[in-house]
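A short worksheet on the structure shown next.
No lab work stands behind these numbers, since they all come straight from the coordinates. None of the values given here were measured: they were computed from a predicted structure. Heads up, the Cβs are rebuilt from the backbone with ideal geometry, glycines too, and the neighbour counts pull from every protein chain shown.
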Amino acid sequence: MSTTPSASPRAPEFHDDNSGVWRRDVLGDSWVARTLHVGCDEEGAVNATLVRRTAGPRHRRAVLAIHGFVDYFFQEHQAEFFESLGFDFYAIDLRKYGRSLRPEQTPNYVTELADYRRELEAAQHIIREEEGHDLFVVLGHSTGGLIASLWANVNDSIDGVILNSPWFDLNKPQIVTWFVDLVMPLVARCHPRRPVGALAPHYGRALHRDSGGQWDYDLTWKPHDGFPVRAAWLMAIRRGHHAIRRGLHLPMPVLVLSSTRSGSATRFHEELLTTDSVLRVEHILDGAERLGRDVTVAQVDEGAHDLSLSQSEKARQAYYDHIAAWLTDRGFLAD
């Protein structure tokens, strides 16, 4: 297998605003953010945002969290869990997501998932080279789990990968998936930004405290109705799905976590936060078998799509217990 390690003597191509300044983050005084300029596209300058605790590096271990579609980092309780295990916690808002989204940009839009390597390698360089961490674990959720898997397949300087409900296939009837793969490439070539779908609002409404949920986050960056799914973006996702189906060769240990059951993604129901009501669990389990040789699968009873946002404290604790056990088993917690 050919790999391209990103931790190398030559820094990746990026630069910061004001030469690496960390600024107060939207989460408050305990958090800081750093803007990474990672290039330009047809909409102008492209930025990503790296977030960490204000106190700075305290441990030799670090974890980098990658969010999903229509998402950004706000899960402070997840950071607290990793910190309790002796990890410094970092999160990235990818280009055109959350903190990184600019008014002139098409939200969440990209035409190649490989483009994200620019900001991910920049983040890894900061975490490893600038801030001195010698153990580096990546945590990807949903679309972030797909992105993390593809990145780790060409980056053997990642020590471990944790996937929280990774998106490995479309949650659609087979005939719809077939139609997408047949017709959408032409649509994407002719009209790359054409809206071709959207998320159902029910899962988001169940999460947010203003509509009866437990969690508070910015609805401008994570709206219930999501952002339009655009043709070229969807084809980039499908190319990632097909790469998973063909099989990857991740050289590092991988933990794949999912709920035990799926629920409807298209209507309101009482189990929106006790099942995966965004993806199909069987797709996650099938994809897990195709990632590499050292893959551990763990399922969480009554787990939501984002397992860290499950309704019951018992399910959230089970999610964290699985991660802690895996980190211990793989020797990542040894001093």
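Listing for the model above:
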| read-out | value |
| --- | --- |
| Amide H partners (placed H, <5 Å) of Gly263, local residues excluded | Asp276, Ser277, Val278 |
| Region 15-329 - share of DSSP beta bridges that are antiparallel (%, nearest 5) | 40 percent |
| Computed label-point distance, nm, for sites Arg24 and His77 using a 7 Å Cα→Cβ extension | 2.6 nm |
| Under 16 Å from the Glu270 label point (7 Å along Cα→beta-carbon), backbone N, region 305-333 | 311-312 |
| Shape of region 194-280, Cα gyration tensor, a/c cut at 1.5 | oblate |
| Distance (nanometres) between label positions extended 7 Å along Cα→Cβ at Thr54 and Arg239 | 4.2 nm |
| Prolate/oblate/rounded call for region 123-261, Cα gyration tensor, a/c under 1.5 rounded | oblate |
| Long-range HN-HN contacts of Asn108 with modeled amide H, under 5 Å | Tyr97 |
| Set of lysines with alpha-carbon distance to Lys314 below 26 Å, sequence-local pairs under 8 removed | Lys222 |
| Mean Kyte hydropathy of 1.0 or more with a Cα span along the axis of at least 18 Å, helices from DSSP in the chain | 174-190 |
| Amide H contacts under 5 Å for Trp31, placed H, 5+ residues apart | Asp25, Thr54 |
| Length added when fully stretched, Glu112-Asp286, from 0.36 nm per residue minus Cα-Cα | 60.3 nm |
| Theoretical gain in end-to-end length, Ser157 to Asp134 [0.36 nm per residue, Cα-Cα removed] | 7.3 nm |
| Rounded if a/c under 1.5, otherwise prolate or oblate - the chain, Cα gyration tensor axes | rounded |
| Where labels lie 7 Å past Cα in the beta-carbon direction, separation of Glu42 and Leu333 in nm | 4.9 nm |
| Convex hull of region 46-145 built on C-alpha atoms - directionally averaged projected area, nm² | 6.3 nm² |
